[in-house]
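Asker: Sharing a structure below in structure tokens format, with a few things to ask.
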Amino acid sequence: MTARDFGLLSLICFCWGLNLVLTRWVVADVPPLFYAFLRFALIGIVLAPWLLPAPRQLGTVALVGLCIGAFNFLFLFLALKLGTASQVALAGQVGLPFTTILSMMFLGERIGWRRGLGMTLAFAGVIIIAWKPEGIGFSAGVVLAILAAFVGSVGGVLMKRMEQINVLTLQAWVAMVSWPVLLVASGATETGQIDAVSHMGAPFWWVVAFSVFGVSIFGHGMFYDLVKRHEVTQIAPLTLMTPVWAVIIGATMLGEPLTPQLLTGGALALTGVFMIAIRPNIRLPDAAALWRRWTA
């Protein structure tokens, strides 16, 4: 990998990590499902020209869109409402083990002891992060982050049934099938959406613009380009910069605590994910990269 491409990937991971922290800051005051709706609605408007011609496998594309879009972000933004950006970023790393397990179940993937150990470490790390030491149970924010990772992984495996389509076309259709679901969910469960947005003022719209243009269009678009030009075993381990950035920025901007529990669980989870990422799936070769594209 050239220094230029490494720098580009580093910038992408920084943008993803920063976006998690900014989203945590926004959903502290703005209803999370309404914010997710606004994000996808604006992506749909910006990418509307790429909706046509419609993909031939429109039903499959729509199903993938619901998994990696509406339902993934529904759980993710609720997780950020109830947990810290650091917890959510680290817990979301179970997306790769989930993708590998689903590949084993539905695509006939086989794993060796190294990836098996990696999955064990990843799940053990997330359990440590999720555990509430003051009582029996798990942090709601972390549990929702795990659900978001699982739904996103289902979408990643379903992508295996899709024909290759332009990345902007895919993002346009993900947005198109996602915003109506999120709008209905927000209307049914949330109140005071407009007042909350008005109260935050211009900073809210700067964050929205960054999430649409900096993360969804630039970040995901450039990441697809890197995946096309480099081996997954080069790209996937380096994306672990994303949760590291999220932890650093969360502690700096929001004052999130770096507890021994978080650091120990995070270290285990990242070690496990690294062990999986350097030995990619055979049946779903880009599984190590698929899960990362839609977690920020």
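The values are calculated or read from the model by the stated rules, or taken from the named source; none is laboratory data. These numbers were taken from a predicted model, which means no experiment stands behind them. With ideal geometry, Cβ positions are generated from the backbone for all residues, glycine too; neighbour counts draw on all protein chains shown.
Asker: Go through GLU256, GLU163 for me and flag whichever is modelled with pLDDT under 85 and part of a loop (DSSP other than H, G, I, E, B). Break it down stepwise before answering.
Answerer: Working: GLU256 fails: modelled with pLDDT under 85.
Just a single option satisfies the conditions, and that option is GLU163.
Asker: Still on this model: Of all residues being aromatic (Phe, Trp, Tyr) and in contact with a helix residue (DSSP H, G or I) (Cβ under 7 Å, 6 or more places away or on another chain) in region 77-120, which is surrounded by the most Cβ atoms within 10 Å (Cβ to Cβ)? Just the residue, please. Reasoning before the result, please.
Answerer: From region 77-120, those aromatic (Phe, Trp, Tyr) are 77, 98, 106, 113; that's our starting set.
Next cut, in contact with a helix residue (DSSP H, G or I) (Cβ under 7 Å, 6 or more places away or on another chain) only: 77, 98, 106.
Details: PHE77: 27, PHE98: 23, PHE106: 15.
Step by step, filter region 77-120, then rank; the result is PHE77.
Asker: If LEU74 satisfies all but one of (1) more than 18 Å from GLY156 (Cβ to Cβ); (2) in contact with a Leu (Cβ under 8 Å, 6 or more places away or on another chain), what's the number of the condition it fails?
Answerer: All conditions are met except number (1).
Asker: Also, quick follow-up: Pick out the one residue from VAL197, VAL143, VAL151, VAL208 that is of a type in the set (Val, Ile, Thr), surrounded by 21 or more Cβ atoms within 10 Å (Cβ to Cβ) and either modelled with pLDDT of 85 or more or over 30 Å from GLY265 (Cα atoms) (or both).
Answerer: VAL151
Asker: Within region 97-123, track down each residue that is over 19 Å from the mean Cα position of the chain (by Cα) and of a type outside the set (A, V, I, L, M). Talk me through it step by step, then tell me what you get.
Answerer: Step one: filter region 97-123 for residues over 19 Å from the mean Cα position of the chain (by Cα), giving 104-118, 120-121.
PHE106, GLY108, GLU109, ARG110, GLY112, TRP113, ARG114, ARG115, GLY116, GLY118, THR120 - these are the residues of region 97-123 that are over 19 Å from the mean Cα position of the chain (by Cα) and of a type outside the set (A, V, I, L, M).
Asker: So which of LEU47, LEU51 is surrounded by fewer than 19 Cβ atoms within 10 Å (Cβ to Cβ) and over 24 Å from THR242 (Cα atoms)? Walk me through it before giving the result.
Answerer: Working: LEU47 fails: surrounded by fewer than 19 Cβ atoms within 10 Å (Cβ to Cβ).
That would be LEU51, the only listed residue that is surrounded by fewer than 19 Cβ atoms within 10 Å (Cβ to Cβ) and over 24 Å from THR242 (Cα atoms).
Asker: Confirm whether LEU63 is in a helix (DSSP H, G or I), at pLDDT 95 or above and either closer than 16 Å to PHE150 by Cα or not aromatic (Phe, Trp, Tyr) (or both).
Answerer: Values: in a helix (DSSP H, G or I): yes; at pLDDT 95 or above: no; either closer than 16 Å to PHE150 by Cα or not aromatic (Phe, Trp, Tyr) (or both): yes.
Answer is no for this residue.
Asker: Could we say that LEU182 is at pLDDT 85 or above and surrounded by 20 or more Cβ atoms within 10 Å (Cβ to Cβ) here?
Answerer: On the way: at pLDDT 85 or above: yes; surrounded by 20 or more Cβ atoms within 10 Å (Cβ to Cβ): yes.
Answer is yes for this residue.
Asker: Something else now. Suppose we filter region 39-57 for residues that are within 14 Å of LEU182 (Cα to Cα) and not basic (Lys, Arg); how many remain? Talk me through it step by step, then tell me what you get.
Answerer: Initially, region 39-57 is screened for residues within 14 Å of LEU182 (Cα to Cα), giving 39-44.
Restricting the remaining residues to those that are not basic (Lys, Arg) gives 40-44.
Final tally of qualifying residues: 5.
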